[in-house]
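Single-structure report; data block below.
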Amino acid sequence: MQHRALTSIIAIFVLCAATLLYTKRHESKPVIEQVAHSMVGSAWYKIQQSGTHTGFMHSSVELNDEDLWEFTTLTVFQPLGGQATKITQRLSFASSKQYELTSAHYTRTSQSATTGIQVDLVDGQYVGTLKRQNSLEPLLLDWQFGLRDQLALEIQLHAGAAQPGTIFTTQFIDFEGLSIGENKKSLLSRNDDGFVFENFQEGSTSTTYLDPNMLAISSTIANVFEVNRSTEEQATNVNPLIKPIAEWPIAAHSIPLNERLEQHVNLKHLMLGLTASGKISLQDLNLPQTLAHTKPAEFSNGDADAFTQNSLRLPTTNEKITRILASMDKPISVAALVATANQQLVYAENQSAGSVLAALKLGQGECTDFADLLTTLARAAGIPARTVFGIAYSNAEKPSFMFHAWNEVFDNGQWQGVDPTWNQVRLDATHIKLSDDLSAALLFASQTQGVEFKVLTKAYF
């Protein structure tokens with residue numbers, strides 16, 4: 001499966017790129033315009049994963065010929081175990097009055113799939129067009145977002161009152177989720193050298209460094225990914241769109257286990273011990289001493305809305321999804337959703353289709369494609385669901401754990417784990433969910449063959 005952090009770091013890269021060099025003060029203008037004018041310019045960033053140069057990012061701010069503030073970001077990179085990916089984002093804002101968002105564009109392109117959205121302000125309403133593969137879908141968005149939201153952090157720093165420990169809550173456009181997201185940053189320190197922020201978002205931590213003029217200098221994400229300011233020549237020295245990075249050792253994306261698990265599908269409890277097999281310690285690898293299967297969190301009041309939404313990755317309103325649901329017996333059960341998702345695709349190891357619609361067209365995919373298809377079908381049926389990422393047992397010639405994706409679906413008043421790839425309605429305890437940070441650290445350790453698992457305790461149903 002492609003590494004989960006791919007989606008998360010895209011968002012963080014774009015957020016890190018929003019803060020650019022202050023060049024000139026405009027004290028006679030409103031603060032929002034002072035900040036916007038002083039941000040005019042561009043910057044190049046070098047992207048590294050575990051010390052390997054994997055891509056670049058370019059960000060710019062300008063007041064264009066149409067008197068609109070335009071924020072543009074281009075990100076090109078190839079994550080460990082993934083495909084070369086290009087993301088473009090452009091936001092345009094009115095330069096006076098309410099400083100409203102006038103248009104927004106986002107496109108994500110890889111070898112296997114292209115998705116994107118164009119949004120325009122029409123008669124006070126945001127009208128969007130979704131693009132998934134060759135499919136176009138219109139939609140209305142109830143976004144409330146303007147230049148003040150885009151520059152909220154910079155405006156607060158401009159005031160000069162922020163002290164270490166201050167929590168900054170700002171909004172951003174979550175294009176993948178087709179919504180306005182919330183981001184929280186904690187100011188760790190400020191001095192003559194600038195500012196240091198820590199961000200924690202959905203299990204992925206990052207540390208961002210700004211200079212005294214609020215120029216983004218660098219960002220460290222999940223202790224594995226680094227984004228550093230550089231020259232254009234240094235940043236684009238590696239361009240995976242032109243020349244893909246030497247193929248990552250896919251076979252190494254598993255972690256050896258010290259014993260074979262008999263009847264593993266009947267395990268209700270499993271705790272693994274981690275052992276550093278190289279010269280680097282678990283602490284240096286940012287890994288814990290143990291890992292175990294955990295039950296899904298309790299279903300909250302907000303989950304019903306949050307996990308039934310349409311998104312770029314989950315095309316709940318697409319006609320192909322509608323046709324599949326129409327062919328199913330009613331009422332639709334979780335077991336039927338698992339069976340249907342499993343029957344729609346043939347498993348193709350390390351051959352990600354890249355999107356739900358591409359997987360349906362090809363009739364095949366890997367675990368993420370199966371899981372995203374089930375999430376899409378469930379949400380389209382009005383059943384809260386989400387795709388989950390982690391590791392799961394591989395009963396191969398040499399027992400091991402591999403990176404895997406499965407689902408949590410709302411059933412009988414609680415979240416229930418299921419696995420459509422392996423057609424499991426009752427999830428076994430070898431499915432161990434990981435945060436973005438832990439997943440990134442474990443992926444790096446597996447690539448360098450720096451960690452092994454051993455069974456500490458287990459119990460069966």
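Please find, within the range 280-294, the residue that is nearest to ASP428 (Cα to Cα) out of those that are in a loop (DSSP other than H, G, I, E, B) and not hydrophobic (A, V, I, L, M, F, W, C).
Selected residue: HIS293.
Which residue is farthest from GLN343 (Cα to Cα), if the candidates are limited to the range 400-415 and must be in contact with a Lys or Arg (Cβ under 9 Å, 6 or more places away or on another chain) and modelled with pLDDT of 95 or more?
Looking at residues that are in contact with a Lys or Arg (Cβ under 9 Å, 6 or more places away or on another chain) and modelled with pLDDT of 95 or more, I get TRP415.
Which pairs turn up if I take residues in the range 292-321 that are outside the structural domain of GLU176 (by TED's automatic domain parsing) and look for partners that are outside any loop (DSSP other than H, G, I, E, B) and of a type in the set (Asp, Glu) with beta carbon separation below 6 Å, at least 6 apart in sequence or on another chain?
As it stands, the answer is PRO296/GLU408, since those pairs meet every condition given.
I need the full set of residues from the range 417-461 which are among the polar types (S, T, N, Q) and modelled with pLDDT under 95, in order please.
SER435, SER439, SER446, GLN447, THR448, GLN449
Only one of ALA304, ALA336, ALA292, ALA276 is farther than 17 Å from TYR393 by Cβ and at pLDDT 95 or above; which?
Exactly one residue qualifies, and that residue is ALA336.
Within the range 380-403, is there a residue that is assigned to a helix (DSSP H, G or I) and crowded, with 20+ Cβ neighbours inside 10 Å?
Yes: the range 380-403 contains one or more residues that are assigned to a helix (DSSP H, G or I) and crowded, with 20+ Cβ neighbours inside 10 Å.
Return the residues of the range 361-379 that are surrounded by fewer than 20 Cβ atoms within 10 Å (Cβ to Cβ) and touching a residue at least 24 places away in the same chain (Cβ under 8 Å); say none if nothing qualifies.
If the condition is that a residue be surrounded by fewer than 20 Cβ atoms within 10 Å (Cβ to Cβ) and touching a residue at least 24 places away in the same chain (Cβ under 8 Å), then LYS361 is the only one that fits.
I'd like to check which strands (runs of 3 or more DSSP E) are fully inside the range 86-136 and have at least 2 residues that are out of contact with any Ser or Thr (no Cβ under 9 Å at 6 or more places or on another chain). Lay out the reasoning, then the answer.
On the way: elements: 101-110, 114-122, 125-132.
So the answer is 125-132.
Just to be sure before I move on: is THR208 under 30 Å from ASN191 (Cα atoms) and of a type outside the set (A, V, I, L, M, F, W, C) in the structure I sent?
yes
The values are calculated or read from the model by the stated rules, or taken from the named source; none is laboratory data. The shown structure was predicted, so the numbers you read here are calculated from the model rather than taken from an experiment. In this analysis, Cβ positions are derived from the backbone assuming ideal geometry, glycine residues included, and neighbour counts consider all displayed protein chains.
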